[in-house]
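Student: I have a structure here, written as structure tokens, and I will follow up with some questions on it.
The values are calculated or read from the model by the stated rules, or taken from the named source; none is laboratory data. Worth saying up front: this structure is predicted, and the values here are computed from it rather than measured. Note that each Cβ is placed from the backbone with ideal geometry, even for glycine, and that neighbours are counted across all protein chains shown. The area values use the complete protein model at the heavy-atom level, side chains included, leaving out ligands, DNA and RNA. Shrake-Rupley method; radii C 1.70, N 1.55, O 1.52, S 1.80 Å.
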Amino acid sequence: MPLLEAQGVLKRFGGLIAVHKVDYYIEPHTINAIIGPNGAGKTTFFNLMTGIYTPDEGRIIFDGKDITGLKPNQINRAGIARTFQNIRLFGAMTVIENCLVGMHRRLHVDLAQTMLRLPAFGRQEREAQRRVEELLEFVGLRDKANEVAKNLPYGDQRRLEIARALASDPKLLLLDEPTAGMNPQETIAAMQLFRAVRDEFGITVLLIEHDMRVVMGISERITVLDYGQKIAEGTPDEVRRNPRVIEAYLGRGSATSQN
Amino acid sequence: MRVFSSKNSNQSVQMSSWRDALPVIFGIAYVLIVFLLLRNLSRADLWFPTYSSILFSLFVFSPFIIFALKIPLELRIVLIAIIGLVLMPILGMQDSFYLELITQIAIFAAMAIGLNIVVGFAGLLNLGYVAFFAVGAYLWGIFTSNANTIVRVTGAQAAPELFWLFIFIGMILAAFTGILLGFPVLRLRGDYLAIVTLGFGEIIRILVSNLSNISSNRRNPINITNGAQGLPGIVSPPLPDFAFQLVESLTNGLGLPVNNPRAFTYQLFYYGLVLVVCAIVALLAARLDNSPIGRAWTAIREDEVAAQAMGVPIVKMKLLAFALGASFAGAMGVIWSARNTFVSPESFSFIQSIFILAIVIVGGMGSIRGAILGAAIVTLLNLLVLKNFSLQINALRNIDWVVPIIDFPIRNWPQQLEPARYERFVFGLLLILMMIFRPSGILPAKRRQMELQREEEISEQEIAADAATLKPEDLLGAQPQQAKEKP
């Protein structure tokens with residue numbers, strides 16, 4: 001049974017159909033990628049899956065539950081965590097605090113307990129901090145734990161966003177252009193990190209990515225969107241050879257001339 | 001480190017303890033000098049207004065100075081407790097105006113801390129905060145005033161003993177009002193939110209001035225708030241007899257008899273009460289800040305979309321911020337109306353909301369110490385410094401004083417330029433200067449640094465290793481080592 005299944009999902013913005021009746025599924029414990037030219041509807045599709053937008057048509061089923069129309073925080077609670085195309089950290093908070101916010105859904109929030117500082121509160125805080133430290137160790141930010149997020153270099157901010165998403169202990173992690181703006185070394189480190197997320201935490205990964213080395217290098221299944229429609233799907237090799245993909249990326253004529 | 005240094009040599013121990021004692025001596029000397037100078041001020045002195053403004057301001061800042069000293073927390077708390085519980089009441093016996101001022105500062109500080117939860121922590125600009133204060137004040141006012149309100153006519157008045165219960169009812173009612181305001185404004189941000197909350201503050205004020213059947217509201221069936229005339233004769237809770245006797249014997253024993261021991265006892269009571277409430281509010285706010293709730297608020301302030309995507313229920317968290325912030329003002333409203341014995345719609349004008357917001361901005365958004373310091377600065381400026389400046393000019397004018405060096409006769413100072421009339425100008429100037437020089441406030445909020453578990457172990461090992469090779473010179477600072485390196 002797939003972990004996530006989108007059935008005929010459609011999203012309109014005025015006259016524009018950003019996502020047009022897309023059927024999609026993700027198998028558990030896989031690394032998947034969505035690619036497509038700029039404006040193909042990739043990020044809109046992400047926003048539909050994470051509840052930032054509600055689909056106009058179709059359903060999204062996650063882990064056997066219909067999550068269509070749920071709020072982002074409810075979808076996070078169901079087990080989907082994400083990062084953003086343009087990094088959206090909590091700039092004024094420290095690295096640790098960013099991750100602790102990511103852990104919010106797993107913490108028991110009780111006003112009386114907080115105000116009276118009951119023992120259970122301290123226990124929970126210590127436990128949460130310990131788990132965040134482990135996460136920071138995993139992404140390699142432990143020595144910067146107390147730094148304010150907005151002061152981090154770009155690559156570290158990307159990694160912190162992943163750590164923050166992992167803090168909610170998701171079943172599915174959505175990464176929106178996670179290597180954008182990274183240099184080749186950082187990109188290789190990031191790819192290793194994505195694999196480790198899957199292998200060590202058993203988290204299913206879905207990424208939007210423009211860097212074809214990353215896409216072809218780590219994904220097991222690639223889906224191509226163009227003008228809001230799914231035009232191809234398959235393994236990296238299948239997608240690479242698909243004439244419609246070549247056409248979408250390089251224009252009409254390129255596919256025929258290659259054959 | 002001190003544990004290790006004691007093993008090394010006596011000289012270094014003396015040096016370090018002498019250095020440790022220096023801030024303590026400084027702190028105590030500062031407080032004592034200011035206190036004694038204040039005690040020796042005479043109202044007959046020509047320069048009394050100036051002296052008392054300066055010295056009392058210095059005295060009010062002394063707890064902040066002590067709190068900033070690098071000495072153990074327990075010692076700081078003891079010193080601050082002495083200032084608050086011993087020195088301040090003595091000054092109050094000498095001149096009860098000082099006690100009034102401090103009480104006013106504490107009331108504003110508690111409200112600023114409450115507003116800080118909404119504005120500073122959660123980033124929701126609220127320009128109608130005084131409405132929640134009004135809810136608390138009118139709650140106790142309506143139930144105990146001697147005006148002909150529906151409550152008095154039907155004999156449903158509350159007994160003065162119920163004051164303590166009404167503090168909690170005031171909190172709950174204000175929190176409920178906060179949620180009521182919160183619901184419609186949840187979708188708004190920034191300027192739009194500010195405008196709606198501003199309107200809400202005005203709604204509450206106009207509501208209390210119209211919920212009556214007197215004067216312009218003659219057609220209304222019942223009188224609830226006594227309209228624009230306000231509610232007079234609001235009662236205070238009864239105090240036990242021994243409290244009055246104790247205060248009277250204390251004032252006589254110290255050689256500072258007060259004119260009206262009963263009134264003075266109540267002044268002392270409200271002083272103590274608002275200090276306690278202010279301390280509780282500060283403690284609760286600090287605990288909230290440093291918890292999943294506080295982190296969720298800050299996350300909403302920083303990036304609402306990301307916060308929601310990270311699983312923070314923003315509707316719930318925003319309503320919680322509104323409710324908690326409002327409840328602090330509600331509690332203070334009940335206390336304030338009892339102390340003031342009179343409330344009217346004018347006490348809750350828009351400028352009061354701005355006043356509290358100015359405290360938060362001057363002190364530092366999201367900073368609890370900042371809110372208290374801001375309340376002290378703004379209130380002192382408003383109620384002491386500017387008023388005394390006017391008094392000083394009048395006193396000098398009466399004796400035809402001439403400013404030395406520039407030979408300016410003070411009687412030529414225009415009457416229109418009375419400093420007390422320029423409070424809004426001075427506040428505007430203060431806020432502009434703050435925005436230029438310290439945009440994040442005098443005491444900006446700091447992010448809490450968390451101790452990492454494994455690093456802690458490492459640093460302990462390092463200290464132990466350091467201690468093993470520590471030489472007496474090391475404790476004296478870096479200079480001897482530099483001298484060695486030079487040749």
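Student: Checking the conditions here, which among A:M216, A:M212 is under 30 Å from A:G64 (Cα atoms) and either among the hydrophobic types (A, V, I, L, M, F, W, C) or buried (at least 17 other Cβ atoms within 10 Å of the Cβ) (or both)? It would help to see each step written out before you state the result.
Tutor: On the way: A:M212 fails: under 30 Å from A:G64 (Cα atoms).
Step by step, each of A:M216, A:M212 is checked, and only A:M216 is under 30 Å from A:G64 (Cα atoms) and either among the hydrophobic types (A, V, I, L, M, F, W, C) or buried (at least 17 other Cβ atoms within 10 Å of the Cβ) (or both).
Student: Further question on the same structure: What is the number of the single condition among (1) over 27 Å from A:Y249 (Cα atoms); (2) surrounded by fewer than 20 Cβ atoms within 10 Å (Cβ to Cβ) that A:G39 does not meet?
Tutor: Failing condition for A:G39: (1).
Student: If we only count helices (runs of 4 or more DSSP H) wholly inside region B:276-351, which ones have 3 or more residues that are crowded, with 20+ Cβ neighbours inside 10 Å and either away from every other protein chain (no Cβ under 11 Å) or touching a residue at least 60 places away in the same chain (Cβ under 8 Å) (or both)? Reasoning before the result, please.
Tutor: Details: elements: B:292-302, B:304-309, B:314-340.
Ranges flagged: B:292-302, B:314-340.
Student: May I pose another question? Would you point out the residue of region A:40-78, among those that are in contact with a Pro (Cβ under 7 Å, 6 or more places away or on another chain) and at the interface with chain B (Cβ under 10 Å from one of its Cβ atoms), that is farthest from A:L206 (Cα to Cα)?
Tutor: Among those residues, the one meeting the criterion is A:N73.
Each row is one residue, and each column tells you yes or no for (1) among the small types (G, A, S); (2) touching a Lys or Arg at 6+ places or on another chain (Cβ under 7 Å).
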| site | (1), (2) |
| --- | --- |
| A:T44 | no, yes |
| A:D66 | no, yes |
| A:Q85 | no, no |
| A:I96 | no, no |
| A:L100 | no, yes |
| A:A128 | yes, no |
| A:V132 | no, no |
| A:L141 | no, yes |
| A:K144 | no, no |
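Student: Which ones in region B:423-447 are among the aromatic types (F, W, Y) and either surrounded by 16 or more Cβ atoms within 10 Å (Cβ to Cβ) or in contact with an Asp or Glu (Cβ under 9 Å, 6 or more places away or on another chain) (or both)?
Tutor: Of everything in region B:423-447, just one residue is among the aromatic types (F, W, Y) and either surrounded by 16 or more Cβ atoms within 10 Å (Cβ to Cβ) or in contact with an Asp or Glu (Cβ under 9 Å, 6 or more places away or on another chain) (or both), namely B:F427.
Student: Can I ask one more? Just to be sure, is B:N290 more than 16 Å from the chain's Cα centre (by Cα), over 26 Å from A:V109 (Cα atoms) and not aromatic (F, W, Y)? Break it down into steps so the answer makes sense when it comes.
Tutor: Details: more than 16 Å from the chain's Cα centre (by Cα): yes; over 26 Å from A:V109 (Cα atoms): no; not aromatic (F, W, Y): yes.
No: the conditions fail for B:N290.
Student: Okay, next question. Taking B:Q415 as the residue in question, decide whether it is open to solvent by 70 Å² or more (accessible area, probe 1.4 Å), assigned to a loop (DSSP other than H, G, I, E, B) and over 30 Å from A:F90 (Cα atoms). Reasoning before the result, please.
Tutor: Values: open to solvent by 70 Å² or more (accessible area, probe 1.4 Å): yes; assigned to a loop (DSSP other than H, G, I, E, B): yes; over 30 Å from A:F90 (Cα atoms): yes.
The answer is yes for B:Q415.
Student: I need the full set of residues from region B:142-153 which are of a type in the set (S, T, N, Q) and open to solvent by less than 70 Å² (accessible area, probe 1.4 Å), in order please.
Tutor: Taking region B:142-153 as the starting set, the residues that turn out to be of a type in the set (S, T, N, Q) are B:144-146, B:148-149.
Those that are of a type in the set (S, T, N, Q) and open to solvent by less than 70 Å² (accessible area, probe 1.4 Å): B:T144, B:S145, B:T149.
Student: Name the single residue, out of those in region B:365-406 being in a loop (DSSP other than H, G, I, E, B) and modelled with pLDDT of 90 or more, that is farthest from B:F48 (Cα to Cα). Can you show your working first?
Tutor: The initial filter retains those residues of region B:365-406 that are in a loop (DSSP other than H, G, I, E, B), namely B:365-367, B:399-401, B:404-406.
Subset that is modelled with pLDDT of 90 or more: B:365-367.
Values: B:M365: 35, B:G366: 37, B:S367: 35 Å.
Within region B:365-406, the match that is farthest from B:F48 (Cα to Cα) is B:G366.
Student: Which residue is least open to solvent (accessible area, probe 1.4 Å), if the candidates are limited to region A:155-195 and must be basic (K, R) and more than 12 Å from every other protein chain (Cβ to nearest Cβ)? Break it down stepwise before answering.
Tutor: Taking region A:155-195 as the starting set, the residues that turn out to be basic (K, R) are A:158-159, A:164, A:171, A:195.
The next check asks that each one be more than 12 Å from every other protein chain (Cβ to nearest Cβ); those that pass are A:158-159, A:171, A:195.
Numbers: A:R158: 11, A:R159: 79, A:K171: 91, A:R195: 87 Å².
Across region A:155-195, the extreme among qualifying residues is A:R158.
Student: Among the residues that make up region B:384-405, is at least one of them of a type in the set (V, I, T), touching a residue at least 12 places away in the same chain (Cβ under 8 Å) and open to solvent by 80 Å² or more (accessible area, probe 1.4 Å)? Break it down stepwise before answering.
Tutor: The first filter runs over region B:384-405 and keeps only residues of a type in the set (V, I, T), leaving B:385, B:393, B:399, B:402-403, B:405.
Next cut, touching a residue at least 12 places away in the same chain (Cβ under 8 Å) only: B:385, B:393, B:399.
Next cut, open to solvent by 80 Å² or more (accessible area, probe 1.4 Å) only: B:399.
There is at least one residue in region B:384-405 that is of a type in the set (V, I, T), touching a residue at least 12 places away in the same chain (Cβ under 8 Å) and open to solvent by 80 Å² or more (accessible area, probe 1.4 Å).
Student: Within region A:86-103, is even one residue of a type in the set (S, T, N, Q), open to solvent by less than 10 Å² (accessible area, probe 1.4 Å) and not in a strand (DSSP E or B)? Steps first, answer last, please.
Tutor: Of all residues in region A:86-103, those of a type in the set (S, T, N, Q) come to A:86, A:94, A:98.
Narrowing further to those that are open to solvent by less than 10 Å² (accessible area, probe 1.4 Å): A:94, A:98.
Going one step further and asking which of them are not in a strand (DSSP E or B), we end up with A:98.
The answer is yes, given that some residue of region A:86-103 is of a type in the set (S, T, N, Q), open to solvent by less than 10 Å² (accessible area, probe 1.4 Å) and not in a strand (DSSP E or B).
Student: Mind listing whichever residues of region A:42-60 are over 21 Å from A:E220 (Cα atoms) and either open to solvent by 10 Å² or more (accessible area, probe 1.4 Å) or not β-branched (V, I, T) (or both)?
Tutor: Looking only at region A:42-60, we keep the residues that are over 21 Å from A:E220 (Cα atoms), and these are A:44, A:47-48, A:50-60.
Within region A:42-60, A:T44, A:N47, A:L48, A:G51, A:I52, A:Y53, A:T54, A:P55, A:D56, A:E57, A:G58, A:R59 qualify.
Student: Moving to a separate point now. With respect to the numbered conditions (1) buried (at least 16 other Cβ atoms within 10 Å of the Cβ); (2) more than 7 Å from every other protein chain (Cβ to nearest Cβ); (3) within 22 Å of the chain's Cα centre (by Cα), which one is the sole condition not fulfilled by A:Q124?
Tutor: (3)
Student: Can you say whether B:L87 is part of a helix (DSSP H, G or I), open to solvent by 10 Å² or more (accessible area, probe 1.4 Å), in contact with a helix residue (DSSP H, G or I) (Cβ under 7 Å, 6 or more places away or on another chain) and assigned by TED's automatic domain parsing to the domain that holds B:S62, as far as the supplied structure shows?
Tutor: On the way: part of a helix (DSSP H, G or I): yes; open to solvent by 10 Å² or more (accessible area, probe 1.4 Å): yes; in contact with a helix residue (DSSP H, G or I) (Cβ under 7 Å, 6 or more places away or on another chain): yes; assigned by TED's automatic domain parsing to the domain that holds B:S62: yes.
The answer is yes for B:L87.
Student: Separate question: Across region A:129-148, which residue is farthest from B:A296 (Cα to Cα) among those that are within 8 Å of chain B (Cβ to nearest Cβ) and surrounded by 14 or more Cβ atoms within 10 Å (Cβ to Cβ)?
Tutor: Looking only at region A:129-148, we keep the residues that are within 8 Å of chain B (Cβ to nearest Cβ), and these are A:129-130, A:133, A:142, A:145-146, A:148.
Checking the rest, the ones that are also surrounded by 14 or more Cβ atoms within 10 Å (Cβ to Cβ) come to A:129, A:133, A:142, A:145-146, A:148.
Values: A:Q129: 15, A:E133: 19, A:R142: 22, A:A145: 18, A:N146: 18, A:V148: 16 Å.
Filtering region A:129-148 for residues that are within 8 Å of chain B (Cβ to nearest Cβ) and surrounded by 14 or more Cβ atoms within 10 Å (Cβ to Cβ), the one farthest from B:A296 (Cα to Cα) comes out as A:R142.
Student: Are any residues in region A:99-118 more than 8 Å from chain B (Cβ to nearest Cβ) and touching a Leu at 6+ places or on another chain (Cβ under 8 Å), and if so, which ones?
Tutor: Result: A:C99, A:A112.
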